[in-house]
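The values are calculated or read from the model by the stated rules, or taken from the named source; none is laboratory data. Bear in mind that the values here come from a model prediction, so they are computed numbers and not experimental data. All Cβ positions, even for glycine, are placed from backbone atoms using ideal geometry, and neighbour counts span all protein chains on display. With ligands, DNA and RNA removed, areas are computed over all heavy atoms of the protein, side chains included. Shrake-Rupley method; radii C 1.70, N 1.55, O 1.52, S 1.80 Å.
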Amino acid sequence: MSDVSKLLEPNNLILRTRMESVSKECDREKVRQDLIDSMEHYQGVGLSANQIGIAERAFILYEDINTRKVLTCFNPKIVETSKEEISINEGCLTYPGIWLMVKRPIAIKVEFEDEKGKKHKRTFDDLSSRIFQHEYDHMEGTDFTQKVSRLKIERAMKKLNKTVKKLQKSKWESFSLTSDFTDIVQYSHNLILK
C-alpha cells in the first residue's frame, strides 16, 4: 500500500495540460497502486494520475461498481463514440460536492494499455462508459465543468453552499469544505441517491 496522494486544486496547471504518452521511466505498478489507494481513500469511482500530481497519461476506474473491479488504463484513447447520448449527473473528486448534468455518448470503443504494457481494445456502455469518458477528459486537459454552461455551474455552487450551511447549522457546527472533504463527498452522494 502506498501513501494517499493529495488531490490537486482545480486551478493547478497540470489539470489544464494534455497528458502525452506515458514516459518510459514511469513505474506503472506504483502509479496504479497510488491511484487505487487515493481513489479508495477519497471514495471515488475513477481517478486520473494528473489529479494527484502525477504527469502521466493514466487513470483508473471501477469497471464494475458493485464488485469494485479496478481497471487501469495507460495511454487511453477513445476510438469511436455512439451517436446516442444521455445526460446524467456527474461529480468529480477535484470539485467536491459539485454535481453537474453532463451529456455524453452512451457507448464508446477504446484502446489502452494495462500496468504491464499489454494493449487492450474494449467497448464500454452505461456507467463504465461515462466514467471512462470523464477520466479521459482529465487526460485531455479538460473536465466536466467545461461541458456545461456557466449558469449550471453557478447553480451547482449555490446548491453546495446551501448544503454546507445546513451542515453547519446541524450536527457539524465546525464544518468546512476543506477540512471535512470526505464528509461532504459522502453527504453529497447520499443526497443524490435519495
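Between the DSSP loop rule and a limit of at most 15 other Cβ atoms within 10 Å, which trypsin sites (Lys or Arg not before Pro) in the stretch 68-167 are left? Don't jump to the answer; show the numbers that get you there.
Working: sites: Arg68, Lys69, Lys77, Lys83, Lys103, Lys109, Lys116, Lys118, Lys119, Lys121, Arg122, Arg130, Lys147, Arg150, Lys152, Arg155, Lys158, Lys159, Lys162, Lys165, Lys166; in loops: Arg68, Lys83, Lys116, Lys118.
Hits after loop and neighbour filter: Arg68, Lys83, Lys116, Lys118.
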How large is the helix-only mean residue ellipticity at 222 nm for the chain, computed as the sum of -39500 (n - 2.57) over DSSP H runs with n ≥ 4, divided by its residue count, in deg cm²/dmol to the nearest 500?
-10500 deg cm²/dmol
The ³J(HN,Hα) series, computed from each phi in the stretch 64-69 with the Karplus coefficients 6.51, -1.76 and 1.60 at θ = phi - 60°, rounded to the nearest Hz and given as x for glycine or proline, is 9, 4, 5, 8, 6, 6
Can you pull the one-decimal nm distance between simple spin-label points at Arg155 and Ile106, each 7 Å off the Cα toward Cβ?
2.4 nm
Rounded to the nearest 20 Debye, what is the dipole magnitude of the chain about its Cα centre when Lys and Arg each give +1 and Asp and Glu each give -1 at the C-beta?
820 debye
Which residues' amide hydrogens lie under 5 Å from the amide hydrogen of Ser5, considering only partners 5 or more residues apart or on another chain, with H built in the peptide plane?
Ser38
Report relative contact order for the chain in percent, whole number only (criteria: Cα-Cα under 8 Å, sequence separation at least 6).
20 percent
Modelling each spin label as a point 7 Å along the Cα-to-Cβ direction, I'd like the Val70/Thr142 distance in nm, to one decimal.
2.9 nm
Between Lys169 and Asp126, what FRET efficiency comes out of the Förster formula 1/(1 + (r/R0)^6) with R0 = 45 Å and r the beta carbon distance, rounded to 0.05?
0.75
With label points built 7 Å along Cα→Cβ from the Cα atoms of Ser23 and Ala55, find their separation and express it in nm.
0.7 nm
If the chain between Lys119 and Glu9 were fully stretched, how many nm would it gain, using 0.36 nm times the residue separation less the Cα-Cα distance?
36.4 nm
Applying the Karplus parametrisation 6.51 cos²θ - 1.76 cosθ + 1.60 with θ = phi - 60° to the phi angles of the stretch 72-83, what ³J(HN,Hα) value in whole Hz is obtained for each residue in order, glycine and proline being reported as x?
9, 10, 9, 6, x, 8, 8, 9, 7, 10, 6, 6
Shape call, the stretch 4-102: gyration tensor on alpha carbons, a/c limit 1.5
rounded
Cα shape, the stretch 48-104, gyration tensor, a/c 1.5 rule:
rounded
Table column - 3J(HN,Hα) (Hz), the stretch 43-60, Karplus curve with 6.51, -1.76, 1.60, x for Gly and Pro:
6, x, 10, x, 7, 9, 4, 5, 5, 10, x, 9, 7, 10, 7, 8, 7, 10
accessible surface per residue for the chain, probe 1.4 Å, DNA/RNA/ligands not counted, whole Å² -> 57 Å²
Using amide H atoms built in the peptide plane, which far-off residues or other-chain residues are under 5 Å from Val70 H to H?
Glu63
Where does each of 19-30, 34-45 land if you order them by average Cβ count within 10 Å, highest first?
34-45, 19-30
